[in-house]
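**Student:** What follows is a structure written as C-alpha coordinates; I'll ask about it next.
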Amino acid sequence: MKRLSVVLVGMVILGVVLSACGGASGSDPTSAVKDVFQAMQDKKFDTIGNYVCAAQRDQIVASLNPASSLASGLGSGLDPAKVLDAMTITLENMEYTKVSESGTNAVVHVKGTMSLKFDKDKLSALMKRAGTDDASVQAALGMMDSMLGSGFPMDNDLNVVNEGGKWLVCQ
(Lines give C-alpha, C1' and ligand atoms only; values in the text may rest on other atoms or scores of the structure.)
Protein backbone atom coordinates (compact mmCIF):
# COMPACT_ATOMS: atom_id res chain seq x y z
CA MET A 1 0.00 0.00 0.00
CA LYS A 2 2.94 2.34 0.70
CA ARG A 3 4.06 1.88 -2.90
CA LEU A 4 0.57 2.80 -4.10
CA SER A 5 0.65 6.04 -2.10
CA VAL A 6 3.94 6.98 -3.71
CA VAL A 7 2.43 6.35 -7.13
CA LEU A 8 -0.63 8.42 -6.35
CA VAL A 9 1.53 11.32 -5.19
CA GLY A 10 3.42 10.84 -8.44
CA MET A 11 0.15 11.13 -10.34
CA VAL A 12 -0.58 14.47 -8.72
CA ILE A 13 2.91 15.59 -9.65
CA LEU A 14 2.18 14.29 -13.15
CA GLY A 15 -0.66 16.77 -13.38
CA VAL A 16 1.76 19.58 -12.62
CA VAL A 17 4.27 18.19 -15.10
CA LEU A 18 1.59 17.94 -17.74
CA SER A 19 0.60 21.52 -17.18
CA ALA A 20 4.19 22.67 -17.12
CA CYS A 21 5.72 20.59 -19.88
CA GLY A 22 3.09 19.54 -22.39
CA GLY A 23 3.28 20.76 -25.94
CA ALA A 24 2.35 19.99 -29.48
CA SER A 25 3.29 20.79 -32.99
CA GLY A 26 1.11 23.55 -34.25
CA SER A 27 0.85 26.54 -36.49
CA ASP A 28 0.96 28.87 -33.51
CA PRO A 29 2.03 28.49 -29.86
CA THR A 30 -1.51 28.31 -28.47
CA SER A 31 -2.76 25.64 -30.89
CA ALA A 32 0.40 23.66 -30.16
CA VAL A 33 -0.46 23.49 -26.47
CA LYS A 34 -4.11 22.65 -27.19
CA ASP A 35 -3.00 19.76 -29.41
CA VAL A 36 -0.97 18.05 -26.71
CA PHE A 37 -3.70 18.34 -24.12
CA GLN A 38 -6.11 16.83 -26.63
CA ALA A 39 -3.67 13.96 -27.21
CA MET A 40 -3.60 13.38 -23.45
CA GLN A 41 -7.37 13.37 -23.17
CA ASP A 42 -7.56 10.98 -26.13
CA LYS A 43 -4.97 8.76 -24.39
CA LYS A 44 -2.60 8.96 -27.37
CA PHE A 45 0.53 8.98 -25.23
CA ASP A 46 2.58 7.40 -27.99
CA THR A 47 2.26 10.66 -29.94
CA ILE A 48 3.42 13.01 -27.17
CA GLY A 49 7.05 12.81 -28.35
CA ASN A 50 5.97 14.58 -31.54
CA TYR A 51 4.82 17.55 -29.51
CA VAL A 52 7.83 18.48 -27.37
CA CYS A 53 11.18 20.00 -28.20
CA ALA A 54 14.13 17.71 -28.86
CA ALA A 55 16.00 18.91 -25.76
CA GLN A 56 13.20 17.76 -23.40
CA ARG A 57 11.60 14.93 -25.37
CA ASP A 58 12.91 11.90 -23.47
CA GLN A 59 12.30 13.41 -20.05
CA ILE A 60 8.78 14.58 -20.82
CA VAL A 61 7.68 11.45 -22.66
CA ALA A 62 8.92 9.28 -19.79
CA SER A 63 6.85 11.24 -17.29
CA LEU A 64 3.58 11.57 -19.18
CA ASN A 65 1.90 8.18 -19.36
CA PRO A 66 -0.12 7.73 -16.16
CA ALA A 67 -0.96 4.10 -17.01
CA SER A 68 2.67 3.02 -16.81
CA SER A 69 3.09 4.71 -13.42
CA LEU A 70 -0.09 3.18 -12.09
CA ALA A 71 0.65 -0.26 -13.48
CA SER A 72 4.03 -0.38 -11.78
CA GLY A 73 2.65 1.08 -8.55
CA LEU A 74 -0.38 -1.17 -8.29
CA GLY A 75 1.60 -4.35 -8.68
CA SER A 76 3.82 -6.21 -11.02
CA GLY A 77 2.04 -8.07 -13.73
CA LEU A 78 -0.30 -5.26 -14.71
CA ASP A 79 -0.34 -4.38 -18.38
CA PRO A 80 -0.06 -0.57 -18.77
CA ALA A 81 -2.21 -0.68 -21.91
CA LYS A 82 -5.02 -2.39 -20.00
CA VAL A 83 -4.69 0.08 -17.13
CA LEU A 84 -4.92 2.91 -19.67
CA ASP A 85 -8.04 1.29 -21.13
CA ALA A 86 -9.61 1.42 -17.65
CA MET A 87 -8.90 5.17 -17.33
CA THR A 88 -10.72 8.28 -18.50
CA ILE A 89 -8.83 11.55 -18.61
CA THR A 90 -11.01 14.62 -18.50
CA LEU A 91 -9.94 18.20 -19.08
CA GLU A 92 -12.44 20.83 -18.02
CA ASN A 93 -12.69 24.60 -18.37
CA MET A 94 -9.41 24.73 -20.27
CA GLU A 95 -8.10 28.14 -21.25
CA TYR A 96 -5.04 28.65 -23.43
CA THR A 97 -3.70 32.21 -23.61
CA LYS A 98 -0.61 33.41 -25.44
CA VAL A 99 1.30 35.55 -22.95
CA SER A 100 4.20 36.48 -25.22
CA GLU A 101 5.90 35.64 -28.51
CA SER A 102 9.31 36.77 -29.68
CA GLY A 103 11.05 35.12 -32.63
CA THR A 104 11.16 31.37 -31.98
CA ASN A 105 10.09 31.60 -28.32
CA ALA A 106 6.65 32.02 -26.81
CA VAL A 107 4.84 31.59 -23.51
CA VAL A 108 1.31 30.16 -23.31
CA HIS A 109 -0.70 30.20 -20.10
CA VAL A 110 -2.81 27.09 -19.43
CA LYS A 111 -5.61 27.06 -16.90
CA GLY A 112 -8.17 24.37 -16.23
CA THR A 113 -8.80 21.15 -14.36
CA MET A 114 -7.66 17.62 -15.15
CA SER A 115 -9.20 14.53 -13.59
CA LEU A 116 -8.44 10.84 -13.93
CA LYS A 117 -11.32 8.45 -13.44
CA PHE A 118 -11.18 4.70 -13.49
CA ASP A 119 -13.54 1.95 -14.51
CA LYS A 120 -13.48 0.30 -11.11
CA ASP A 121 -14.66 -3.08 -12.41
CA LYS A 122 -11.94 -3.25 -15.09
CA LEU A 123 -9.17 -2.04 -12.79
CA SER A 124 -10.29 -4.30 -9.96
CA ALA A 125 -10.24 -7.33 -12.25
CA LEU A 126 -6.75 -6.40 -13.50
CA MET A 127 -5.43 -5.99 -9.97
CA LYS A 128 -6.97 -9.26 -8.79
CA ARG A 129 -5.45 -11.12 -11.75
CA ALA A 130 -2.09 -9.63 -10.74
CA GLY A 131 -2.51 -11.15 -7.28
CA THR A 132 -3.81 -8.22 -5.22
CA ASP A 133 -6.23 -9.18 -2.44
CA ASP A 134 -9.77 -7.73 -2.26
CA ALA A 135 -9.12 -5.41 0.69
CA SER A 136 -6.09 -3.87 -0.99
CA VAL A 137 -7.97 -3.50 -4.28
CA GLN A 138 -10.83 -1.66 -2.59
CA ALA A 139 -8.48 0.58 -0.61
CA ALA A 140 -6.46 1.43 -3.71
CA LEU A 141 -9.54 2.20 -5.82
CA GLY A 142 -11.00 4.40 -3.09
CA MET A 143 -7.77 6.31 -2.65
CA MET A 144 -7.29 6.80 -6.39
CA ASP A 145 -10.86 8.02 -6.81
CA SER A 146 -10.63 10.51 -3.96
CA MET A 147 -7.23 11.87 -5.01
CA LEU A 148 -7.57 11.92 -8.77
CA GLY A 149 -11.25 11.73 -9.63
CA SER A 150 -12.24 15.16 -8.37
CA GLY A 151 -9.55 16.77 -10.49
CA PHE A 152 -6.62 18.96 -9.82
CA PRO A 153 -6.13 22.48 -11.07
CA MET A 154 -3.65 23.50 -13.72
CA ASP A 155 -2.55 27.13 -13.81
CA ASN A 156 0.87 27.42 -15.42
CA ASP A 157 2.88 29.19 -18.08
CA LEU A 158 4.40 26.93 -20.71
CA ASN A 159 7.52 27.81 -22.69
CA VAL A 160 7.00 27.03 -26.37
CA VAL A 161 9.70 27.08 -29.05
CA ASN A 162 9.60 26.92 -32.81
CA GLU A 163 11.78 24.10 -34.15
CA GLY A 164 11.81 23.48 -37.87
CA GLY A 165 8.63 25.48 -38.41
CA LYS A 166 6.64 23.66 -35.68
CA TRP A 167 5.77 25.05 -32.27
CA LEU A 168 6.77 22.65 -29.47
CA VAL A 169 6.68 23.02 -25.71
CA CYS A 170 10.09 23.06 -24.11
CA GLN A 171 10.44 23.66 -20.35
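The values are calculated or read from the model by the stated rules, or taken from the named source; none is laboratory data. Note that the structure is a prediction, hence the values are computed from the model and not measured. For the accessible areas, the whole protein counts, side chains as well, though only heavy atoms, and no ligand, DNA or RNA atoms are used. Shrake-Rupley method; radii C 1.70, N 1.55, O 1.52, S 1.80 Å.
**Student:** For region 51-74, enumerate the residues that are aliphatic (A, V, I, L, M), in a helix (DSSP H, G or I), open to solvent by 10 Å² or more (accessible area, probe 1.4 Å) and at pLDDT 60 or above.
**Tutor:** Just the residues of region 51-74 that are aliphatic (A, V, I, L, M), to begin with: 52, 54-55, 60-62, 64, 67, 70-71, 74.
From what's left, in a helix (DSSP H, G or I): 60-62, 64, 67, 70-71, 74.
Add one more test, that the residue is open to solvent by 10 Å² or more (accessible area, probe 1.4 Å), and what stays is 61-62, 74.
Selection gives V61, A62.
**Student:** Out of (1) over 15 Å from M40 (Cα atoms); (2) open to solvent by 50 Å² or more (accessible area, probe 1.4 Å); (3) in a strand (DSSP E or B), the odd one out for K117 is which?
**Tutor:** Of the numbered conditions (1) over 15 Å from M40 (Cα atoms); (2) open to solvent by 50 Å² or more (accessible area, probe 1.4 Å); (3) in a strand (DSSP E or B), the odd one out for K117 is (1).
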